[in-house]
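Some notes on the structure that comes next.
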């Protein structure tokens, strides 16, 4: 079996799979575009463009007139968030690891029957969440949608967990945490969104969201997305074993548990002393991320840029109390939303796109500079303009432009990758 080396920009990345190679011809190992989980990508790209970028841009246009983030339909915002987190990020994670892990560990591939079931239930879930948010909120469609998402995640977990039990790798701790967070967040989301539909009156609805929405996002972003991306980086790097990497996992896990438990304890007890310890969890998150990055030294413009967005979002979290003090806003929806956008679009989305480009896409990376630039510019303007809305209403006038830039960037990326599939190109990796 031939070892796989992939040129990541100007750097040579070592991959240590047992059966990762697909074919060998004239002494050269070729990587086929067939390795890419095409059905997952098609479904995720469709959801990202329609329910993610386009729908999100529509929300931003609505802000031009009202100039208030809380004026948007809460149920529609939640349906949009579900589509982004599970329909886009979730499907990409399931597709990447469903195709990559069996080859990496030298095991039989996951049957396509189960893969199509994952996609089908996820599409059903996203669609039903959309239906539940249109017109009068419907608990039946919301439960149907979130239940379908839970089933999709459980099918994925049932297929990848045996791979982890049967093998060992430096990434196992991160993989276990990512997949556990994935299924836990799906179950949590089912319960939480059901409670929002059952809330009687605006006060009860706001109390449910204010108490339980933030921990859900922490579990989805700092749990599922962060640990999944870090696990993949560990899989593709040589000499990934290190005590510092294990320490990074400990710090990140403690930070995740800490920020969720402290926030819930604070909201339930209304004890501000508990809230004072939240920055400690965010500091652990920052230190754990920094330790991982400095020890592993990821290469390639996609991952370096994505990790820069992650670190920026963590720095913004750490100074959240200071921002509230100087802005005289007890809780800024704009600032907190900017943090989430930097983490979900800047880090999670860019990381997943980077994985597909460098590991699965058979053509050169140089072709992607245009949409790579647009995605980062759009994310930058979204973060800056959203924070600006706390200080000047002019931010509301231009914030929708950031969504349009991101939408064009995502669209161009999809077009380029579709061209690659159509040409059935091959990429020499060794």
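The values are calculated or read from the model by the stated rules, or taken from the named source; none is laboratory data. Just so we're clear, the structure is a prediction, and the values are computed from it rather than from any experiment. Every residue, glycine among them, receives a Cβ derived from its backbone with ideal geometry; neighbour counts consider all protein chains shown.
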Practice item. Exactly one condition in (1) in contact with a helix residue (DSSP H, G or I) (Cβ under 9 Å, 6 or more places away or on another chain); (2) over 18 Å from residue 147 (Cβ atoms); (3) modelled with pLDDT of 85 or more; (4) surrounded by fewer than 23 Cβ atoms within 10 Å (Cβ to Cβ) is not met by residue 97; state its number. Key: (4)
Practice item. All but one of (1) more than 20 Å from residue 41 (Cα to Cα); (2) surrounded by fewer than 18 Cβ atoms within 10 Å (Cβ to Cβ); (3) modelled with pLDDT of 85 or more hold for residue 145, so report the exception by its number. Key: (2)
Check your understanding: Is there any pair linking a residue in the stretch 130-157 that is free of Cβ contacts under 8 Å to residues at least 40 places away in the same chain and at negative phi to one that is in a helix (DSSP H, G or I) and buried (at least 22 other Cβ atoms within 10 Å of the Cβ), with Cβ under 6 Å and at least six apart or on different chains, and which?
Key -> 141/128; 141/132; 144/128; 148/125; 157/179
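Going residue by residue through the stretch 72-83, is there one that turns out to be over 20 Å from residue 209 (Cα atoms), modelled with pLDDT of 85 or more and assigned to a helix (DSSP H, G or I)?
Within the stretch 72-83, not a single residue is over 20 Å from residue 209 (Cα atoms), modelled with pLDDT of 85 or more and assigned to a helix (DSSP H, G or I).
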**Study point:** Boolean, residue 246 is within 30 Å of residue 169 (Cβ to Cβ), touching a helix residue (DSSP H, G or I) at 6+ places or on another chain (Cβ under 8 Å), at pLDDT below 95 and surrounded by fewer than 16 Cβ atoms within 10 Å (Cβ to Cβ)
**Key:** yes
**Study point:** Single residue of 313, 332, 327 found to be in contact with a helix residue (DSSP H, G or I) (Cβ under 9 Å, 6 or more places away or on another chain), buried (at least 23 other Cβ atoms within 10 Å of the Cβ) and modelled with pLDDT of 85 or more
**Key:** 313
Practice item. Select, from 280, 294, the only residue that is surrounded by 15 or more Cβ atoms within 10 Å (Cβ to Cβ) and out of contact with any helix residue (DSSP H, G or I) (no Cβ under 6 Å at 6 or more places or on another chain). Key: 280
